[in-house]
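Engineer: Input: one structure, supplied below.
The values are calculated or read from the model by the stated rules, or taken from the named source; none is laboratory data. Note that the structure is predicted; figures quoted are calculated from it, not measured. Every residue, glycine among them, receives a Cβ derived from its backbone with ideal geometry; neighbour counts consider all protein chains shown. Quick note on the areas: whole protein, heavy atoms, side chains included, nothing else; ligands and nucleic acids left out. Shrake-Rupley method; radii C 1.70, N 1.55, O 1.52, S 1.80 Å.
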Amino acid sequence: MPKPFYITTPIYYVNDKPHIGHAYTTISADMISRFHKLAGRDTFFLTGTDEHGNKVAEAAAKANLSEIEFCDKTVATFQNAWNNLTIENDYFIRTTSDRHKKAVWKILDAMREAKTDDGEDVVYSDYYEGLYCTGCEKFITEKELVDGLCPDHKVKPELLKEKNYFFRLTSFLPKIKELIESDELEILPEERKREVLGLIGQDLNDFSLSRERVKWGVPLSFDKSQVAYVWVDALSNYISAIGYGDDDESFKKWWTNGEVVHLMAKDILKFHCLFWPAMLLAAGEKLPKTLFLHGFFTVDGEKMSKSLGNMIDPNEVVENFGADGTRYLLLTQFPFGVDGDVQAKRFITQYNSDLANDLGNLVSRVVKMVLSNFDGKLPQPKKEIDGLEELLKATEEMPNAAYTHVKHFQLSKAIEEAMGLVKTTNKFFNDKAPWKLGKEGKFDEMGGILYACCEVIRIVSIVLSPIMPTKMREIRAIFNLDDSSLNLDQANTFFVLEPGITLNFNDSIFPRLSEKDLAKKEDTKSTEDDNLIDFDQFGKVELKVAEVLEAEKVEGADRLLKLQIAIGDDKRQIIAGVAEFYPPEKIKGMKIAVVANLKPAKIRGVESHGMLLAAKKGKKLTLMTVDGDIPSGAKIS
Ligand code: MSP
């Protein structure tokens, strides 16, 4: 029996919205997890959110929310995105949960009690002074700065000095080096392994485990003036989620006795390949088996960044290509593990060529021919067909070849195996031209060909189910198959479908998409978006308190009042449609809210410079007023 398999993604920062970079890792982990489950392996897939640290506290303050309110909101955007992408994680860990905090305390206590081989305390207290980038949540060295700025965030780091608890990383490095070199701690791909070993060769320092200045975090159990360093907090998610300090049985199963794989991009290599193993060694826990660091990708040749405004929202891709289309497109852009370019501009061409043409057409052509020539009943198989043996052989080899690729993290290769078989089957179908056989009355052979093609489609639907779970379920429904036969064993057996069963086919599985379809969706979206303004736009509106000095009706316009107002020293005239609700004598002297920076305009030929604010529903209207000592001219924010 293989060991239980436990796979994780990084936990994503909640001060960001989910983008296709996050989606890429999560979909990849989902594919791997689903594949192992398909093979009958006991598997646990974890993802979650990293919610502590100054960046989050700052973002919450900016949004006028408490930290936890802010986290709840953004966490929901991640969970929604993962739902939209049919991600099937077994648990979602939040670092603000009690379960997680308990685990952080436990690992900190374990590290605090630990001694190095030389008998020194692993955790010690000292002062730290250094340049700190809040963007990175880390101290950075002078060497790393570019023109005095953090290279990633383009801001000047602050010089900070504070009391910290330190972790004696340096004492663990020789052991970690040995473990990595011997592949006992497997770092993949090979290039990343070399990178880590290179890092160990440089001058690395101990790192501090705690922060005095950060307030939004897990307070240390032994010193409440400090919170756990955000990376110590975050890395512990991998064990808190499966019961460290909370559920020993589960922890033992997945961590101690399981095969643990952490998936991430190479941007967070140092924390995962050095800090995390050192923390685990100190706490006396087993190390993960594999850390796989996939490449960092650009989109249409450009680095994704907030400032360039080219971050792609995975939900938008789902709107255009469906969850399965999005999953397929992202997973097949470039080999897993290398840096690459996501060619979003070519998504539609690739979708149409791979999914609508190759796979979708194979299904419709074959099934439609069964419907029209065999009354919708699956015909009998026939072994003696020229070329069938080769097709059978290719089909037989495909599922295990794909699974082997998955075990080696070669995700696009695994997909190529299945899609390659689809191409081979299309060729077989074209070469055999069963439509001609029908005309010649050779229904026996025609039926045999169609039966074989249906079997290939069934097998492909199993192997591609970790990539496109919903569409593959639709394909399987054509053959009346449900999830009870969705496993690798069934993919390794041919002649499973019962001849005579009635096929159910309504619509093509992957309808072709045109640029027009996508543009239509974009249009509807942009009208929805047009109603939204961002902070910058809102910030341009100046709302102020004004006092109404004089009021009179506008001649010939029953509903309009001409008001003389004072916004501080600034005296103006505005025209307002409130006469039905406020007679001049009532409004005079009131302190009201106005938009002060509107360009002057003429209403019924009378100049109006500003606009008052009022709430209106049906036949009711109330002015937005200000009471108390707030003087006219005060800003409303
Ligand atoms: N919170 C930390 C991780 C803590 S794990 C204990 C963090 N979060 S993050 O939101 O910045 O996520 C980084 C991860 O997002 C990358 O490691 C990778 O998995 C994914 N990616 C983000 N952008 C990406 C690309 N452009 N390309 C590939 N992966 C991308 O770091």
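Every residue, every condition in (1) among the hydroxyl-bearing types (Ser, Thr, Tyr); (2) at negative phi, yes or no:
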site	(1), (2)
PRO335	no, yes
LYS345	no, yes
LEU362	no, yes
GLU397	no, yes
ALA402	no, yes
LYS407	no, yes
GLU416	no, yes
THR424	yes, yes
ALA433	no, no
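Engineer: I need the helices (runs of 4 or more DSSP H) fully contained in the range 319-437, keeping only those with at least 3 residues that are in contact (Cβ under 8 Å) with a residue 24 or more places away in the chain, open to solvent by 20 Å² or more (accessible area, probe 1.4 Å) and assigned by TED's automatic domain parsing to the domain that holds PHE510.
Structural biologist: Where helices (runs of 4 or more DSSP H) fall fully within the range 319-437 and carry at least 3 residues being in contact (Cβ under 8 Å) with a residue 24 or more places away in the chain, open to solvent by 20 Å² or more (accessible area, probe 1.4 Å) and assigned by TED's automatic domain parsing to the domain that holds PHE510, they are 361-373, 388-407, 411-432.
Engineer: Could you check how many residues of the range 151-166 are open to solvent by less than 50 Å² (accessible area, probe 1.4 Å) and closer than 13 Å to GLN226 by Cβ?
Structural biologist: Within the range 151-166, residues that are open to solvent by less than 50 Å² (accessible area, probe 1.4 Å) and closer than 13 Å to GLN226 by Cβ number 4.
Engineer: Say whether the condition of being outside any loop (DSSP other than H, G, I, E, B), open to solvent by 90 Å² or more (accessible area, probe 1.4 Å) and in the same structural domain as GLU552 (by TED's automatic domain parsing) is met by at least one residue in the range 592-599. Walk me through it before giving the result.
Structural biologist: Taking the range 592-599 and keeping what is outside any loop (DSSP other than H, G, I, E, B), we get 592-595.
Restricting the remaining residues to those that are open to solvent by 90 Å² or more (accessible area, probe 1.4 Å) gives none.
No, the range 592-599 contains no residue that is outside any loop (DSSP other than H, G, I, E, B), open to solvent by 90 Å² or more (accessible area, probe 1.4 Å) and in the same structural domain as GLU552 (by TED's automatic domain parsing).
Engineer: Quick test of your reading of the structure: GLU88 fulfils all but one of (1) touching a helix residue (DSSP H, G or I) at 6+ places or on another chain (Cβ under 9 Å); (2) in a loop (DSSP other than H, G, I, E, B); (3) farther than 20 Å from ARG327 by Cα. Name the failing condition by number.
Structural biologist: Unmet for GLU88, out of (1) touching a helix residue (DSSP H, G or I) at 6+ places or on another chain (Cβ under 9 Å); (2) in a loop (DSSP other than H, G, I, E, B); (3) farther than 20 Å from ARG327 by Cα: (3).
Engineer: Of the residues that make up the range 147-169, is at least one aliphatic (A, V, I, L, M), touching a Pro at 6+ places or on another chain (Cβ under 6 Å) and in the same structural domain as SER225 (by TED's automatic domain parsing)?
Structural biologist: Within the range 147-169 (the criterion being aliphatic (A, V, I, L, M), touching a Pro at 6+ places or on another chain (Cβ under 6 Å) and in the same structural domain as SER225 (by TED's automatic domain parsing)), the answer is no, since none of the residues qualifies.
Engineer: For the range 61-76, indicate whether the set of residues that are closer than 23 Å to GLY322 by Cα, at pLDDT 95 or above and surrounded by fewer than 22 Cβ atoms within 10 Å (Cβ to Cβ) is non-empty.
Structural biologist: yes
Engineer: Between residues in the range 288-309 that are hydroxyl-bearing (Ser, Thr, Tyr) and at pLDDT 85 or above and residues that are more than 11 Å from the ligand (Cβ to nearest atom) and open to solvent by less than 30 Å² (accessible area, probe 1.4 Å), which pairs lie under 7 Å by C-beta distance while being six or more apart or on different chains?
Structural biologist: These pairs meet every condition: THR290/VAL261.
Engineer: OK, next. Among the residues of the range 1-37, which ones are among the hydrophobic types (A, V, I, L, M, F, W, C) and open to solvent by less than 10 Å² (accessible area, probe 1.4 Å)?
Structural biologist: Residues of the range 1-37 that are among the hydrophobic types (A, V, I, L, M, F, W, C), as a first pass: 1, 5, 7, 11, 14, 20, 23, 27, 29, 31-32, 35.
Those that are among the hydrophobic types (A, V, I, L, M, F, W, C) and open to solvent by less than 10 Å² (accessible area, probe 1.4 Å): PHE5, ILE7, VAL14, ILE20, ALA23, ILE27, ALA29, MET31, ILE32, PHE35.
Engineer: With respect to GLY53, determine if the residue is at positive phi and either open to solvent by 40 Å² or more (accessible area, probe 1.4 Å) or in contact with a strand residue (DSSP E or B) (Cβ under 6 Å, 6 or more places away or on another chain) (or both).
Structural biologist: On the way: at positive phi: yes; either open to solvent by 40 Å² or more (accessible area, probe 1.4 Å) or in contact with a strand residue (DSSP E or B) (Cβ under 6 Å, 6 or more places away or on another chain) (or both): no.
Answer is no for this residue.
Engineer: For the range 229-236, check the following and say yes or no: at least one residue is charged (D, E, K, R), buried (at least 23 other Cβ atoms within 10 Å of the Cβ), on the phi < 0 side of the Ramachandran plot and modelled with pLDDT of 95 or more. First the steps, then the outcome.
Structural biologist: Step one: of the range 229-236, the residues charged (D, E, K, R) are 233.
Pick out the ones that are also buried (at least 23 other Cβ atoms within 10 Å of the Cβ) and you get 233.
Among the residues that remain, those that are also on the phi < 0 side of the Ramachandran plot are: 233.
Of the ones still in play, those that are also modelled with pLDDT of 95 or more are 233.
Scanning the range 229-236, I find at least one residue that is charged (D, E, K, R), buried (at least 23 other Cβ atoms within 10 Å of the Cβ), on the phi < 0 side of the Ramachandran plot and modelled with pLDDT of 95 or more, so the answer is yes.
Engineer: Which residue is nearest to ASN83 (Cα to Cα), if the candidates are limited to the range 289-318 and must be within 11 Å of the ligand (Cβ to nearest atom) and not in a strand (DSSP E or B)?
Structural biologist: Among them, the one singled out is ILE312.
Engineer: With PRO219, PRO189 as the choices, which residue is within 16 Å of the ligand (Cβ to nearest atom) and either farther than 23 Å from PRO151 by Cβ or loosely packed, with under 14 Cβ neighbours inside 10 Å (or both)? Walk me through it before giving the result.
Structural biologist: Values: PRO219 fails: within 16 Å of the ligand (Cβ to nearest atom).
Just one listed residue meets the conditions, PRO189.
Engineer: Which one of ASP98, ASP90, ASP126 is under 30 Å from LYS73 (Cα atoms) and in contact with a Phe, Trp or Tyr (Cβ under 8 Å, 6 or more places away or on another chain)? Before the answer, list the steps.
Structural biologist: On the way: ASP98 fails: in contact with a Phe, Trp or Tyr (Cβ under 8 Å, 6 or more places away or on another chain); ASP126 fails: under 30 Å from LYS73 (Cα atoms).
Of ASP98, ASP90, ASP126, the one residue that is under 30 Å from LYS73 (Cα atoms) and in contact with a Phe, Trp or Tyr (Cβ under 8 Å, 6 or more places away or on another chain) is ASP90.
Engineer: Keeping to the range 223-272, report how many residues are in a loop (DSSP other than H, G, I, E, B) and either touching a helix residue (DSSP H, G or I) at 6+ places or on another chain (Cβ under 9 Å) or more than 14 Å from the ligand (Cβ to nearest atom) (or both).
Structural biologist: Taking the range 223-272 and keeping what is in a loop (DSSP other than H, G, I, E, B), we get 223-226, 229, 236, 241-247, 257-258.
Cutting the leftovers down to either touching a helix residue (DSSP H, G or I) at 6+ places or on another chain (Cβ under 9 Å) or more than 14 Å from the ligand (Cβ to nearest atom) (or both) gives us 223-226, 236, 241-247, 257-258.
Here the count works out to 14.
Engineer: Here's another thing I want to ask about it. Among residues belonging to the range 273-288 that are over 19 Å from PHE5 (Cα atoms) and open to solvent by 10 Å² or more (accessible area, probe 1.4 Å), point out the one that is farthest from the ligand (Cβ to nearest atom).
Structural biologist: GLY284
Engineer: A follow-up question, please. Quick check on the range 197-209. Is at least one of its residues buried (at least 21 other Cβ atoms within 10 Å of the Cβ), more than 16 Å from the ligand (Cβ to nearest atom) and not aromatic (Phe, Trp, Tyr)? Break it down stepwise before answering.
Structural biologist: Restricting attention to the range 197-209, the residues satisfying the condition of being buried (at least 21 other Cβ atoms within 10 Å of the Cβ) are 207-209.
Next, from what is left, pick out any that are more than 16 Å from the ligand (Cβ to nearest atom): 208.
When the remaining residues are screened for being not aromatic (Phe, Trp, Tyr), the result is 208.
Taking every residue of the range 197-209 in turn, at least one turns out to be buried (at least 21 other Cβ atoms within 10 Å of the Cβ), more than 16 Å from the ligand (Cβ to nearest atom) and not aromatic (Phe, Trp, Tyr).
Engineer: Right, next: Kindly indicate whether any position in the range 32-46 is within 14 Å of the ligand (Cβ to nearest atom), within 11 Å of the chain's Cα centre (by Cα) and closer than 19 Å to HIS272 by Cβ. Lay out the reasoning, then the answer.
Structural biologist: Kept after step one, since they are within 14 Å of the ligand (Cβ to nearest atom), are these residues of the range 32-46: 32, 46.
Adding the requirement that they be within 11 Å of the chain's Cα centre (by Cα) leaves none.
Within the range 32-46 (the criterion being within 14 Å of the ligand (Cβ to nearest atom), within 11 Å of the chain's Cα centre (by Cα) and closer than 19 Å to HIS272 by Cβ), the answer is no, since none of the residues qualifies.
Engineer: Hey, can you tell me all the residues within the range 105-150 that are buried (at least 18 other Cβ atoms within 10 Å of the Cβ) and hydroxyl-bearing (Ser, Thr, Tyr)?
Structural biologist: Result: TYR128, TYR132, THR134.
Engineer: Also, I was wondering about something else. Quick one: would you say ALA63 is within 18 Å of the chain's Cα centre (by Cα), away from the ligand (no atom under 15 Å from the Cβ) and not polar (S, T, N, Q)?
Structural biologist: Values: within 18 Å of the chain's Cα centre (by Cα): no; away from the ligand (no atom under 15 Å from the Cβ): yes; not polar (S, T, N, Q): yes.
Taking the combined requirement at face value, the residue does not satisfy it.
Engineer: Looking at (1) near the ligand (Cβ under 10 Å from one of its atoms); (2) hydrophobic (A, V, I, L, M, F, W, C); (3) assigned to a helix (DSSP H, G or I), find the lone condition where ILE27 falls short.
Structural biologist: Of (1) near the ligand (Cβ under 10 Å from one of its atoms); (2) hydrophobic (A, V, I, L, M, F, W, C); (3) assigned to a helix (DSSP H, G or I), only one is false for ILE27: (1).
Engineer: I would also like to ask the following. Would you check which residues across the range 12-52 are within 17 Å of LEU85 (Cβ to Cβ) and either among the hydrophobic types (A, V, I, L, M, F, W, C) or not assigned by TED's automatic domain parsing to the domain that holds ASN80 (or both) and list them?
Structural biologist: ILE20, ALA23, ILE27, ALA29, MET31, ILE32, PHE35, PHE45, LEU46
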